[in-house]
Amino acid sequence: MIHQYKLNGYNIVLDVYSNSLHVTDNLAYDIIALYKDKSKEEIVEIIKDKYPDLTYNDICECISDIEQLVRDNKLFSEDVYKDIPVNKISAGNIVKALCLHVSHACNLNCSYCFASQGNYKGKRALMSFEVGKQALDFLIKNSGNVRNLEVDFFGGEPLMNLDVCKQLVQYARSIEKQHNKNFRFTLTTNGMLIDDDVIKFANEEMDNVVLSLDGRKHVHDRLRKDINGNGSYDVIVPKFKKLVDNRTKGTYYIRGTFTHHNTDFTNDILHMADLGFKELSMEPVVCSPDDAYALNEKDLPVLLEQYELLAQKMLEREKAGKGFTFYHYMIDLNHGPCIHKRLSGCGSGREYLAVTPWGELFPCHQFVSDPRYSMGDVWKGVTNTGLRKKFELCNTYTKEECKNCWAKLYCSGGCAANAYHATGNINGVYEYGCILFKKRMECAIMLQIARADTAD
(Lines give C-alpha, C1' and ligand atoms only; values in the text may rest on other atoms or scores of the structure.)
Protein backbone atom coordinates (compact mmCIF):
# COMPACT_ATOMS: atom_id res chain seq x y z
CA MET A 1 0.00 0.00 0.00
CA ILE A 2 1.18 3.49 -0.87
CA HIS A 3 -0.07 7.01 -0.28
CA GLN A 4 0.65 9.77 -2.78
CA TYR A 5 0.07 13.46 -2.31
CA LYS A 6 1.40 16.87 -3.28
CA LEU A 7 2.09 19.50 -0.64
CA ASN A 8 4.16 22.67 -0.49
CA GLY A 9 5.82 21.92 -3.84
CA TYR A 10 6.79 18.35 -2.99
CA ASN A 11 5.58 15.16 -4.70
CA ILE A 12 5.44 12.72 -1.79
CA VAL A 13 5.04 8.94 -1.93
CA LEU A 14 4.80 6.95 1.31
CA ASP A 15 5.12 3.18 1.26
CA VAL A 16 2.98 2.23 4.23
CA TYR A 17 4.36 -1.12 5.33
CA SER A 18 8.08 -0.48 4.77
CA ASN A 19 7.74 3.12 6.04
CA SER A 20 9.84 4.18 3.03
CA LEU A 21 9.39 7.77 1.98
CA HIS A 22 10.06 8.99 -1.56
CA VAL A 23 10.18 12.53 -2.90
CA THR A 24 9.84 12.33 -6.67
CA ASP A 25 9.76 14.41 -9.81
CA ASN A 26 6.50 14.70 -11.74
CA LEU A 27 7.37 11.85 -14.10
CA ALA A 28 8.03 9.27 -11.37
CA TYR A 29 5.01 10.48 -9.41
CA ASP A 30 2.69 9.91 -12.35
CA ILE A 31 4.18 6.52 -13.23
CA ILE A 32 3.85 5.30 -9.64
CA ALA A 33 0.17 6.27 -9.74
CA LEU A 34 -0.29 4.03 -12.80
CA TYR A 35 2.07 1.23 -11.85
CA LYS A 36 -0.29 -1.24 -10.16
CA ASP A 37 -3.18 -0.98 -12.59
CA LYS A 38 -1.51 -0.59 -15.96
CA SER A 39 0.90 -2.63 -18.03
CA LYS A 40 4.29 -1.23 -18.94
CA GLU A 41 3.10 -0.59 -22.49
CA GLU A 42 -0.01 1.23 -21.28
CA ILE A 43 2.07 3.35 -18.92
CA VAL A 44 4.44 4.33 -21.72
CA GLU A 45 1.57 5.41 -23.95
CA ILE A 46 -0.13 7.47 -21.24
CA ILE A 47 3.11 9.13 -20.20
CA LYS A 48 4.13 9.88 -23.83
CA ASP A 49 0.90 11.80 -24.29
CA LYS A 50 1.44 13.79 -21.11
CA TYR A 51 5.17 14.38 -21.58
CA PRO A 52 5.70 14.65 -25.38
CA ASP A 53 9.30 15.85 -24.96
CA LEU A 54 10.40 12.62 -23.26
CA THR A 55 11.86 9.74 -25.22
CA TYR A 56 10.77 6.13 -24.93
CA ASN A 57 14.06 5.34 -23.17
CA ASP A 58 13.52 8.15 -20.66
CA ILE A 59 10.17 6.68 -19.66
CA CYS A 60 11.46 3.11 -19.55
CA GLU A 61 14.40 4.15 -17.40
CA CYS A 62 12.05 5.68 -14.86
CA ILE A 63 9.85 2.58 -14.88
CA SER A 64 12.97 0.47 -14.33
CA ASP A 65 13.92 2.55 -11.26
CA ILE A 66 10.44 2.05 -9.83
CA GLU A 67 10.61 -1.69 -10.48
CA GLN A 68 13.85 -1.82 -8.51
CA LEU A 69 12.21 -0.07 -5.55
CA VAL A 70 9.43 -2.65 -5.70
CA ARG A 71 11.95 -5.51 -5.68
CA ASP A 72 13.70 -3.87 -2.71
CA ASN A 73 10.38 -3.75 -0.81
CA LYS A 74 10.49 0.03 -0.66
CA LEU A 75 7.44 0.54 -2.84
CA PHE A 76 4.18 -1.41 -2.88
CA SER A 77 5.55 -3.62 -0.11
CA GLU A 78 3.36 -6.33 1.38
CA ASP A 79 1.66 -6.13 4.75
CA VAL A 80 3.97 -8.12 7.02
CA TYR A 81 2.05 -7.18 10.17
CA LYS A 82 -1.43 -8.54 9.48
CA ASP A 83 -0.63 -11.97 10.90
CA ILE A 84 0.74 -10.70 14.22
CA PRO A 85 -1.47 -12.39 16.83
CA VAL A 86 -3.77 -9.97 18.56
CA ASN A 87 -2.66 -11.24 21.97
CA LYS A 88 0.87 -10.24 21.07
CA ILE A 89 -0.16 -6.66 20.32
CA SER A 90 -1.24 -5.99 23.87
CA ALA A 91 1.02 -6.14 26.89
CA GLY A 92 -1.45 -8.42 28.63
CA ASN A 93 -2.16 -7.44 32.21
CA ILE A 94 0.78 -5.07 32.58
CA VAL A 95 -0.14 -1.52 33.66
CA LYS A 96 2.36 1.23 32.80
CA ALA A 97 0.50 4.47 33.49
CA LEU A 98 -2.22 5.98 35.65
CA CYS A 99 -4.26 9.13 35.27
CA LEU A 100 -4.96 10.15 38.88
CA HIS A 101 -8.12 12.22 39.18
CA VAL A 102 -6.96 13.97 42.29
CA SER A 103 -9.77 16.50 41.94
CA HIS A 104 -13.31 16.16 40.65
CA ALA A 105 -13.74 19.87 41.15
CA CYS A 106 -12.67 22.86 39.13
CA ASN A 107 -12.34 26.61 39.52
CA LEU A 108 -13.30 27.23 35.89
CA ASN A 109 -16.59 26.68 34.11
CA CYS A 110 -15.47 25.85 30.56
CA SER A 111 -18.42 25.39 28.22
CA TYR A 112 -16.97 22.48 26.25
CA CYS A 113 -15.58 20.53 29.21
CA PHE A 114 -16.02 16.80 28.65
CA ALA A 115 -15.82 16.38 32.43
CA SER A 116 -18.90 18.53 33.09
CA GLN A 117 -16.91 21.35 34.68
CA GLY A 118 -14.73 18.93 36.55
CA ASN A 119 -17.19 16.71 38.42
CA TYR A 120 -17.70 14.14 35.63
CA LYS A 121 -21.50 14.31 35.96
CA GLY A 122 -21.21 13.25 39.57
CA LYS A 123 -20.33 14.73 42.93
CA ARG A 124 -17.43 17.06 43.54
CA ALA A 125 -14.64 15.23 45.29
CA LEU A 126 -10.95 15.35 46.14
CA MET A 127 -8.74 12.26 46.21
CA SER A 128 -7.36 11.42 49.64
CA PHE A 129 -3.72 10.54 50.18
CA GLU A 130 -4.79 7.02 51.18
CA VAL A 131 -6.57 6.40 47.87
CA GLY A 132 -3.68 7.88 45.87
CA LYS A 133 -1.15 5.80 47.83
CA GLN A 134 -3.12 2.66 47.06
CA ALA A 135 -3.21 3.63 43.39
CA LEU A 136 0.58 3.93 43.30
CA ASP A 137 0.91 0.57 45.09
CA PHE A 138 -1.48 -0.93 42.52
CA LEU A 139 0.65 0.47 39.70
CA ILE A 140 3.87 -0.97 41.10
CA LYS A 141 2.22 -4.35 41.76
CA ASN A 142 0.83 -4.59 38.22
CA SER A 143 3.73 -3.11 36.22
CA GLY A 144 5.78 -6.29 35.89
CA ASN A 145 9.31 -5.57 34.73
CA VAL A 146 8.44 -2.12 33.37
CA ARG A 147 10.74 0.39 35.06
CA ASN A 148 9.42 3.79 33.93
CA LEU A 149 5.94 4.42 35.27
CA GLU A 150 3.82 7.38 34.18
CA VAL A 151 1.46 9.20 36.54
CA ASP A 152 -0.64 12.20 35.51
CA PHE A 153 -2.20 14.50 38.10
CA PHE A 154 -5.52 15.30 36.48
CA GLY A 155 -8.93 16.71 37.19
CA GLY A 156 -10.99 18.78 37.29
CA GLU A 157 -8.22 21.04 38.47
CA PRO A 158 -5.50 19.07 40.30
CA LEU A 159 -3.99 22.13 41.94
CA MET A 160 -7.13 22.31 44.08
CA ASN A 161 -5.62 19.27 45.78
CA LEU A 162 -1.96 20.30 45.69
CA ASP A 163 -1.02 18.98 49.12
CA VAL A 164 -2.09 15.46 48.20
CA CYS A 165 -0.16 15.70 44.91
CA LYS A 166 2.95 16.59 46.91
CA GLN A 167 2.38 13.77 49.39
CA LEU A 168 1.94 11.25 46.58
CA VAL A 169 5.14 12.34 44.86
CA GLN A 170 6.99 12.06 48.15
CA TYR A 171 5.59 8.58 48.72
CA ALA A 172 6.49 7.47 45.18
CA ARG A 173 10.06 8.69 45.60
CA SER A 174 10.36 6.82 48.89
CA ILE A 175 9.52 3.44 47.36
CA GLU A 176 10.63 3.58 43.73
CA LYS A 177 14.22 2.43 44.26
CA GLN A 178 13.33 -0.63 46.32
CA HIS A 179 11.01 -1.74 43.52
CA ASN A 180 13.41 -0.74 40.71
CA LYS A 181 10.94 1.80 39.37
CA ASN A 182 11.18 5.36 38.13
CA PHE A 183 8.07 7.49 38.46
CA ARG A 184 7.54 10.20 35.82
CA PHE A 185 4.89 12.70 36.78
CA THR A 186 2.78 15.04 34.67
CA LEU A 187 0.63 17.92 35.90
CA THR A 188 -2.30 19.08 33.77
CA THR A 189 -3.63 22.46 34.90
CA ASN A 190 -5.77 25.40 33.86
CA GLY A 191 -3.22 27.66 35.55
CA MET A 192 -5.50 29.65 37.85
CA LEU A 193 -3.72 28.49 41.02
CA ILE A 194 -0.14 28.59 39.77
CA ASP A 195 2.15 30.45 42.17
CA ASP A 196 5.83 30.31 43.14
CA ASP A 197 5.24 27.20 45.25
CA VAL A 198 3.61 25.38 42.32
CA ILE A 199 6.40 26.45 39.98
CA LYS A 200 9.01 25.11 42.40
CA PHE A 201 7.13 21.83 42.80
CA ALA A 202 6.68 21.45 39.04
CA ASN A 203 10.36 22.16 38.43
CA GLU A 204 11.53 19.67 40.98
CA GLU A 205 9.12 16.81 40.40
CA MET A 206 7.11 17.09 37.18
CA ASP A 207 8.60 15.57 34.05
CA ASN A 208 5.92 17.34 32.06
CA VAL A 209 3.44 20.15 32.66
CA VAL A 210 0.39 20.57 30.42
CA LEU A 211 -1.02 24.10 30.43
CA SER A 212 -4.47 24.82 29.02
CA LEU A 213 -4.70 27.89 26.77
CA ASP A 214 -6.91 28.21 23.69
CA GLY A 215 -5.03 31.01 21.94
CA ARG A 216 -6.07 34.59 21.40
CA LYS A 217 -7.73 36.36 24.31
CA HIS A 218 -11.19 36.63 22.71
CA VAL A 219 -11.07 32.96 21.67
CA HIS A 220 -9.89 31.70 25.04
CA ASP A 221 -12.26 33.82 27.10
CA ARG A 222 -15.29 32.86 25.07
CA LEU A 223 -15.44 29.35 26.51
CA ARG A 224 -12.90 29.24 29.36
CA LYS A 225 -14.54 31.33 32.05
CA ASP A 226 -14.39 31.23 35.83
CA ILE A 227 -17.42 30.45 37.99
CA ASN A 228 -18.40 34.12 37.90
CA GLY A 229 -18.44 34.21 34.12
CA ASN A 230 -15.17 36.10 33.72
CA GLY A 231 -12.57 35.10 31.13
CA SER A 232 -9.40 33.51 32.49
CA TYR A 233 -6.85 34.65 29.87
CA ASP A 234 -5.50 37.66 31.75
CA VAL A 235 -5.05 35.60 34.92
CA ILE A 236 -3.32 32.55 33.49
CA VAL A 237 -1.06 33.90 30.74
CA PRO A 238 1.34 35.72 33.11
CA LYS A 239 1.40 32.62 35.33
CA PHE A 240 2.16 30.35 32.36
CA LYS A 241 4.92 32.69 31.22
CA LYS A 242 6.52 32.67 34.64
CA LEU A 243 6.33 28.88 34.93
CA VAL A 244 7.82 28.33 31.47
CA ASP A 245 10.50 31.00 31.92
CA ASN A 246 11.57 29.32 35.15
CA ARG A 247 11.40 25.74 33.84
CA THR A 248 14.87 24.33 34.41
CA LYS A 249 14.19 20.69 33.61
CA GLY A 250 11.47 18.54 32.10
CA THR A 251 9.07 19.53 29.36
CA TYR A 252 5.86 21.49 29.05
CA TYR A 253 3.05 21.85 26.56
CA ILE A 254 0.60 24.63 25.99
CA ARG A 255 -2.54 22.71 25.04
CA GLY A 256 -5.48 24.36 23.36
CA THR A 257 -8.83 23.31 21.93
CA PHE A 258 -10.30 24.74 18.74
CA THR A 259 -14.02 24.82 18.03
CA HIS A 260 -16.47 26.08 15.43
CA HIS A 261 -15.82 29.57 16.77
CA ASN A 262 -12.11 29.57 15.82
CA THR A 263 -11.67 27.45 12.72
CA ASP A 264 -8.78 29.81 11.92
CA PHE A 265 -6.87 28.12 14.73
CA THR A 266 -3.48 28.73 13.09
CA ASN A 267 -3.81 32.30 14.31
CA ASP A 268 -4.25 31.01 17.85
CA ILE A 269 -1.17 28.79 17.63
CA LEU A 270 0.90 31.66 16.21
CA HIS A 271 -0.41 33.91 18.97
CA MET A 272 0.80 31.47 21.60
CA ALA A 273 4.17 31.26 19.86
CA ASP A 274 4.34 35.07 19.87
CA LEU A 275 3.77 35.00 23.63
CA GLY A 276 7.04 33.06 23.87
CA PHE A 277 5.66 29.52 24.19
CA LYS A 278 7.53 27.02 22.02
CA GLU A 279 5.86 23.68 22.83
CA LEU A 280 2.32 23.82 21.50
CA SER A 281 -0.68 21.59 20.96
CA MET A 282 -4.15 22.32 19.63
CA GLU A 283 -6.92 19.70 19.63
CA PRO A 284 -10.26 19.69 17.82
CA VAL A 285 -13.21 19.79 20.20
CA VAL A 286 -15.15 16.55 20.59
CA CYS A 287 -18.69 17.20 21.77
CA SER A 288 -22.34 16.78 20.91
CA PRO A 289 -23.13 17.95 17.35
CA ASP A 290 -25.93 20.03 18.86
CA ASP A 291 -23.51 22.26 20.78
CA ALA A 292 -23.06 25.74 19.30
CA TYR A 293 -19.28 25.33 19.31
CA ALA A 294 -19.31 21.87 17.67
CA LEU A 295 -17.28 21.40 14.49
CA ASN A 296 -19.40 20.56 11.45
CA GLU A 297 -18.95 19.35 7.87
CA LYS A 298 -18.78 22.91 6.51
CA ASP A 299 -15.81 23.57 8.81
CA LEU A 300 -13.80 20.65 7.43
CA PRO A 301 -12.29 22.29 4.28
CA VAL A 302 -11.25 25.29 6.36
CA LEU A 303 -9.58 23.08 8.98
CA LEU A 304 -7.64 21.13 6.35
CA GLU A 305 -6.40 24.40 4.86
CA GLN A 306 -5.42 25.59 8.33
CA TYR A 307 -3.24 22.55 8.95
CA GLU A 308 -1.40 23.17 5.67
CA LEU A 309 -1.07 26.87 6.47
CA LEU A 310 0.30 26.05 9.91
CA ALA A 311 2.98 23.80 8.42
CA GLN A 312 4.02 26.55 6.02
CA LYS A 313 4.12 29.14 8.79
CA MET A 314 6.24 26.83 10.93
CA LEU A 315 8.80 26.52 8.13
CA GLU A 316 8.86 30.29 7.69
CA ARG A 317 9.43 30.83 11.38
CA GLU A 318 12.12 28.17 11.56
CA LYS A 319 14.03 29.93 8.77
CA ALA A 320 13.71 33.17 10.73
CA GLY A 321 15.05 31.52 13.90
CA LYS A 322 11.65 31.64 15.60
CA GLY A 323 10.68 27.99 15.35
CA PHE A 324 8.29 26.15 17.66
CA THR A 325 7.04 22.60 18.13
CA PHE A 326 3.50 21.56 17.28
CA TYR A 327 2.65 18.32 19.05
CA HIS A 328 0.63 16.81 16.18
CA TYR A 329 3.45 17.34 13.70
CA MET A 330 5.97 15.42 15.77
CA ILE A 331 6.92 12.27 13.89
CA ASP A 332 10.06 10.13 13.82
CA LEU A 333 10.25 8.34 10.48
CA ASN A 334 13.49 6.57 11.39
CA HIS A 335 13.19 5.55 15.02
CA GLY A 336 9.51 5.74 15.84
CA PRO A 337 7.44 3.47 18.11
CA CYS A 338 7.75 -0.32 17.79
CA ILE A 339 5.19 -2.09 15.63
CA HIS A 340 3.20 -3.35 18.61
CA LYS A 341 2.73 0.24 19.80
CA ARG A 342 1.84 1.38 16.29
CA LEU A 343 -0.84 -1.28 16.08
CA SER A 344 -2.38 -0.95 19.53
CA GLY A 345 -2.19 2.77 20.26
CA CYS A 346 -2.34 4.55 23.62
CA GLY A 347 -3.05 1.48 25.73
CA SER A 348 -6.27 2.73 27.31
CA GLY A 349 -8.10 0.02 29.21
CA ARG A 350 -4.94 -2.07 29.29
CA GLU A 351 -1.62 -0.37 29.99
CA TYR A 352 -3.19 2.97 30.89
CA LEU A 353 -6.01 3.46 33.42
CA ALA A 354 -7.77 6.38 35.07
CA VAL A 355 -8.40 6.45 38.83
CA THR A 356 -11.29 8.41 40.34
CA PRO A 357 -11.02 10.24 43.69
CA TRP A 358 -12.57 7.20 45.40
CA GLY A 359 -10.24 4.70 43.71
CA GLU A 360 -12.43 3.33 40.92
CA LEU A 361 -10.65 2.27 37.72
CA PHE A 362 -11.71 3.31 34.20
CA PRO A 363 -10.10 2.76 30.77
CA CYS A 364 -9.15 6.46 30.54
CA HIS A 365 -10.33 9.86 31.74
CA GLN A 366 -12.93 10.12 28.95
CA PHE A 367 -14.84 7.07 30.23
CA VAL A 368 -14.99 8.09 33.87
CA SER A 369 -18.56 9.37 33.73
CA ASP A 370 -19.88 6.06 32.33
CA PRO A 371 -20.55 3.30 34.91
CA ARG A 372 -20.63 0.72 32.09
CA TYR A 373 -16.88 1.22 31.77
CA SER A 374 -15.97 0.72 35.41
CA MET A 375 -13.09 -1.79 35.49
CA GLY A 376 -12.55 -2.34 39.21
CA ASP A 377 -10.69 -0.42 41.86
CA VAL A 378 -7.18 0.12 43.19
CA TRP A 379 -7.68 -2.40 46.03
CA LYS A 380 -9.08 -5.35 44.09
CA GLY A 381 -7.48 -4.44 40.77
CA VAL A 382 -9.10 -4.97 37.38
CA THR A 383 -12.12 -7.16 38.05
CA ASN A 384 -13.96 -6.44 34.80
CA THR A 385 -11.65 -8.64 32.77
CA GLY A 386 -14.14 -8.89 29.93
CA LEU A 387 -13.95 -5.15 29.37
CA ARG A 388 -10.17 -5.28 29.47
CA LYS A 389 -10.31 -7.98 26.80
CA LYS A 390 -12.45 -5.72 24.61
CA PHE A 391 -9.79 -3.03 24.81
CA GLU A 392 -7.07 -5.61 24.07
CA LEU A 393 -8.94 -6.44 20.86
CA CYS A 394 -9.29 -2.78 19.93
CA ASN A 395 -6.56 -2.10 17.38
CA THR A 396 -5.87 -1.29 13.76
CA TYR A 397 -6.52 -4.79 12.50
CA THR A 398 -9.84 -5.30 14.27
CA LYS A 399 -11.48 -2.26 12.67
CA GLU A 400 -12.89 -2.90 9.23
CA GLU A 401 -12.69 0.77 8.25
CA CYS A 402 -8.95 0.82 8.98
CA LYS A 403 -7.87 -2.12 6.83
CA ASN A 404 -7.27 -0.14 3.65
CA CYS A 405 -6.29 3.14 5.26
CA TRP A 406 -2.76 4.40 4.57
CA ALA A 407 -2.54 6.07 7.99
CA LYS A 408 -3.40 3.03 10.10
CA LEU A 409 0.15 2.44 11.34
CA TYR A 410 0.35 6.06 12.52
CA CYS A 411 -3.03 6.50 14.24
CA SER A 412 -3.17 2.93 15.61
CA GLY A 413 -6.89 2.82 14.96
CA GLY A 414 -7.63 6.14 16.59
CA CYS A 415 -8.95 7.11 20.01
CA ALA A 416 -11.26 4.49 21.55
CA ALA A 417 -13.11 7.13 23.56
CA ASN A 418 -13.77 9.31 20.52
CA ALA A 419 -14.92 6.24 18.61
CA TYR A 420 -17.27 5.30 21.43
CA HIS A 421 -18.75 8.77 21.76
CA ALA A 422 -19.20 9.05 17.98
CA THR A 423 -20.45 5.54 17.21
CA GLY A 424 -21.33 3.86 20.49
CA ASN A 425 -18.56 1.30 19.95
CA ILE A 426 -14.89 1.47 20.99
CA ASN A 427 -14.10 -0.47 17.83
CA GLY A 428 -15.91 2.10 15.73
CA VAL A 429 -14.29 4.95 13.83
CA TYR A 430 -14.70 8.66 14.46
CA GLU A 431 -14.61 9.60 10.78
CA TYR A 432 -14.30 13.37 11.24
CA GLY A 433 -11.28 12.85 13.47
CA CYS A 434 -9.78 10.44 10.91
CA ILE A 435 -9.87 13.08 8.19
CA LEU A 436 -8.14 15.63 10.41
CA PHE A 437 -5.55 13.10 11.56
CA LYS A 438 -4.60 12.15 8.01
CA LYS A 439 -4.11 15.77 7.07
CA ARG A 440 -1.91 16.28 10.15
CA MET A 441 0.18 13.28 9.12
CA GLU A 442 0.60 14.61 5.59
CA CYS A 443 1.78 17.93 6.99
CA ALA A 444 4.09 16.27 9.51
CA ILE A 445 5.77 14.20 6.79
CA MET A 446 6.12 17.24 4.54
CA LEU A 447 7.80 19.15 7.35
CA GLN A 448 10.37 16.38 7.76
CA ILE A 449 11.11 16.52 4.03
CA ALA A 450 11.37 20.30 3.96
CA ARG A 451 13.73 20.36 6.95
CA ALA A 452 15.96 17.74 5.38
CA ASP A 453 15.90 19.73 2.16
CA THR A 454 16.97 22.87 4.00
CA ALA A 455 19.74 21.00 5.85
CA ASP A 456 21.17 19.74 2.54
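Quick notes on this one:
- Listed by first and then second residue, the pairs with beta-carbon distance under 6 Å, at least 6 apart or on different chains, first residue in segment 210-222 and more than 12 Å from V235 (Cα to Cα), second of a type in the set (D, E, K, R) and assigned to a helix (DSSP H, G or I), are G215/D268; R216/D268; V219/D268.
- One residue alone among V86, V80, V44 is farther than 30 Å from V235 by Cα, of a type outside the set (K, R) and either at pLDDT 95 or above or surrounded by 15 or more Cβ atoms within 10 Å (Cβ to Cβ) (or both), and that residue is V44.
- Filter pass, N182 being modelled with pLDDT of 95 or more, under 30 Å from R147 (Cβ atoms) and assigned by TED's automatic domain parsing to the domain that holds Q167: yes
- Of all the numbered requirements in (1) more than 17 Å from Y112 (Cβ to Cβ); (2) under 26 Å from the mean Cα position of the chain (by Cα); (3) of a type outside the set (S, T, N, Q); (4) assigned to a helix (DSSP H, G or I), H220 misses one, and that requirement is (1).
- Residue selection: I269 fails the criterion of being in a loop (DSSP other than H, G, I, E, B), β-branched (V, I, T) and in the same structural domain as R216 (by TED's automatic domain parsing).
- Of all the numbered requirements in (1) surrounded by 23 or more Cβ atoms within 10 Å (Cβ to Cβ); (2) modelled with pLDDT under 95; (3) of a type in the set (A, V, I, L, M, F, W, C), I254 misses one, and that requirement is (2).
Conditions (1) surrounded by fewer than 17 Cβ atoms within 10 Å (Cβ to Cβ); (2) on the phi < 0 side of the Ramachandran plot; (3) β-branched (V, I, T), marked per residue:
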position: E318; (1), (2), (3): yes, yes, no
position: G323; (1), (2), (3): yes, yes, no
position: H365; (1), (2), (3): no, yes, no
position: K380; (1), (2), (3): yes, yes, no
position: T383; (1), (2), (3): yes, yes, yes
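- The numbered conditions (1) surrounded by fewer than 18 Cβ atoms within 10 Å (Cβ to Cβ); (2) at pLDDT 85 or above are all true for K439 except (1).
- Test: residue in segment 218-226 that is of a type outside the set (G, A, S), closer than 19 Å to G276 by Cβ and either surrounded by 17 or more Cβ atoms within 10 Å (Cβ to Cβ) or not assigned by TED's automatic domain parsing to the domain that holds N107 (or both): yes
- Residues satisfying the stated conditions in segment 264-289, i.e. of a type in the set (D, E) and either touching a helix residue (DSSP H, G or I) at 6+ places or on another chain (Cβ under 9 Å) or closer than 19 Å to V302 by Cα (or both): D264, D268, E279, E283
- Residue count for segment 389-430 under the criterion of being in contact with a strand residue (DSSP E or B) (Cβ under 7 Å, 6 or more places away or on another chain) and surrounded by fewer than 21 Cβ atoms within 10 Å (Cβ to Cβ): the result is 1.
The values are calculated or read from the model by the stated rules, or taken from the named source; none is laboratory data. Predicted, not measured: the structure shown is a model, and the values here were computed from it. For neighbour counting, all protein chains shown are included, and Cβ atoms are generated from backbone atoms with ideal geometry for every residue, glycine included.
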